[in-house]
C-alpha cells in the first residue's frame, strides 16, 4: 500500500461506513464524507511501522487492509487492523488482502493479529473467520435513554461513591483482571497491587471527569462502575468513536456478591448518569469469553457495533 492509494481507500471506507450507519444510526455520520474517511486512513497509514495491501480490479481499487503494531507487551509481537484499516467490496477480496499483508507481518515476527470489523457485515466477518480468526471482544452501543432502574433491588442500593469507599474501590480494581484471567477468558493482563490502586484512587478521586458508582447492601460495598465521556477511552477510536457519547468504562462485583443483579444495576446507573449528562448514546465493550459481561450488557440494550477478531500464527 502506498500514499497514492489513500484517496481511493478513503472512498471505500466511507462507503463501508455509510452501509454501517444504515444499520446502526448512532454511529458518527461524519465518516460517510470521503474527505473525513481519507483522513482516517491517512492517519492509520502514517502510524509507525504500518503496512498493508490494496486490491485492484481492472485498475480500480476494490479493497484494502492496513495494520500496525502496538508496543504493549501484553499483546505479544503483534499487528492491529483498527476500525479505519479495512474495507472491501466482498469477503473474498479481503481474504486475498490478508494473505498478502500477513506474509510480511509474519515475516517480521509479528504473529498475533487483531482486527476490528463492523459487526453488521456478516460476509466480512465470515471471511475473517475463514482466515483462522475468532471473536475476542465486542464494542456495543445503546441510546442514552433512562433505564428506570432506580431505587432498591433485592435490598441492593446503588449510589455515587464517596471518599470512604476508596479501599473497596481499590479492591474491586483487582477483581476484573482476576476474573478475566480465569476460565474461559484466560486473559494475560497485568494485575496491579492493592497499594498501587489505593494510591491512584487517593490522587484521582476528585476528578469530575469520571462518575463512580457503588452498589451496596446493608452498608457493605459489593461492586462498582465508572462512567465518563467516550473521548477518554483509548480503545474506541476513529470510526469506532461516536459523537457525544458516554462510556461505561469499568464495572466489577466481588465474587461472593455475583448473581444478585449488582452488575446490571451498576450499568443502569452509568446509563442514567449519561442521560443526565446530556450524552446522545452510551458505549461499552466486553470480552465475549467473559460470561458475566457478555450476558449482562446486552440485557441493558447494548448492541454490537464492532467485533475485535484475533488470530495467533504458530511458526
Task: Qualifying position, being under 27 Å from residue 261 (Cβ atoms), in contact (Cβ under 8 Å) with a residue 12 or more places away in the chain, assigned by TED's automatic domain parsing to the domain that holds residue 256 and out of contact with any helix residue (DSSP H, G or I) (no Cβ under 7 Å at 6 or more places or on another chain), among 189, 155, 181 - done: 155
Task: Yes/no for residue 25 being closer than 18 Å to residue 237 by Cα and either modelled with pLDDT under 95 or within 19 Å of the chain's Cα centre (by Cα) (or both) - done: yes
Task: Matching option when the condition is touching a residue at least 24 places away in the same chain (Cβ under 8 Å), under 16 Å from residue 131 (Cα atoms) and over 22 Å from the mean Cα position of the chain (by Cα), among 1, 100 - done: 100
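Here is a yes/no grid of residues against (1) closer than 30 Å to residue 222 by Cα; (2) assigned to a helix (DSSP H, G or I):
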| site | (1), (2) |
| --- | --- |
| 101 | no, yes |
| 116 | no, no |
| 125 | no, yes |
| 128 | no, yes |
| 139 | yes, no |
| 147 | yes, no |
- [ ] Count, please, the residues in the range 234-269 that happen to be touching a helix residue (DSSP H, G or I) at 6+ places or on another chain (Cβ under 9 Å), under 20 Å from residue 295 (Cβ atoms) and in a helix (DSSP H, G or I).
- [x] 4
Open item on the list: Return the residues of the range 281-294 that are within 15 Å of residue 235 (Cβ to Cβ) and assigned to a helix (DSSP H, G or I); say none if nothing qualifies.
Closed with: 293
Task: Whichever residue in the range 178-198 is in a helix (DSSP H, G or I) and crowded, with 16+ Cβ neighbours inside 10 Å and, among such residues, is farthest from the chain's Cα centre (by Cα) - done: 198
TODO: Please enumerate the residues belonging to the range 270-280 that are surrounded by fewer than 23 Cβ atoms within 10 Å (Cβ to Cβ) and either assigned to a loop (DSSP other than H, G, I, E, B) or touching a strand residue (DSSP E or B) at 6+ places or on another chain (Cβ under 9 Å) (or both).
DONE: 273, 275, 277, 278, 279, 280
Open item on the list: So residue 305 passes all but one of these: (1) out of contact with any helix residue (DSSP H, G or I) (no Cβ under 6 Å at 6 or more places or on another chain); (2) under 19 Å from residue 143 (Cβ atoms); (3) outside any strand (DSSP E or B). Which condition number does it fail?
Closed with: (3)
- [ ] Output yes when any residue across the range 221-233 is within 18 Å of residue 26 (Cβ to Cβ), touching a strand residue (DSSP E or B) at 6+ places or on another chain (Cβ under 7 Å) and assigned to a helix (DSSP H, G or I), and no when none is.
- [x] yes
Open item on the list: Residues to consider are 201, 297; find the one that is more than 22 Å from the chain's Cα centre (by Cα), assigned to a helix (DSSP H, G or I) and on the phi < 0 side of the Ramachandran plot.
Closed with: 201
TODO: Would you mind stating whether residue 167 is in the same structural domain as residue 266 (by TED's automatic domain parsing), surrounded by fewer than 13 Cβ atoms within 10 Å (Cβ to Cβ) and modelled with pLDDT of 95 or more?
DONE: no
Task: Among the residues listed as 253, 217, the single one being at pLDDT below 95, in contact with a strand residue (DSSP E or B) (Cβ under 7 Å, 6 or more places away or on another chain), over 29 Å from residue 76 (Cβ atoms) and surrounded by 13 or more Cβ atoms within 10 Å (Cβ to Cβ) - done: 217
- [ ] Hand me the list of strands (runs of 3 or more DSSP E) wholly inside the range 46-95 holding 2 or more residues that are over 16 Å from residue 10 (Cα atoms), at pLDDT 95 or above and touching a strand residue (DSSP E or B) at 6+ places or on another chain (Cβ under 8 Å).
- [x] 78-81
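The values are calculated or read from the model by the stated rules, or taken from the named source; none is laboratory data. Values in this document were obtained by computation on a predicted structure and should not be read as measured data. Methodologically, a virtual Cβ is constructed for each residue, glycine included, from the backbone with ideal geometry; neighbour enumeration extends over all protein chains shown.
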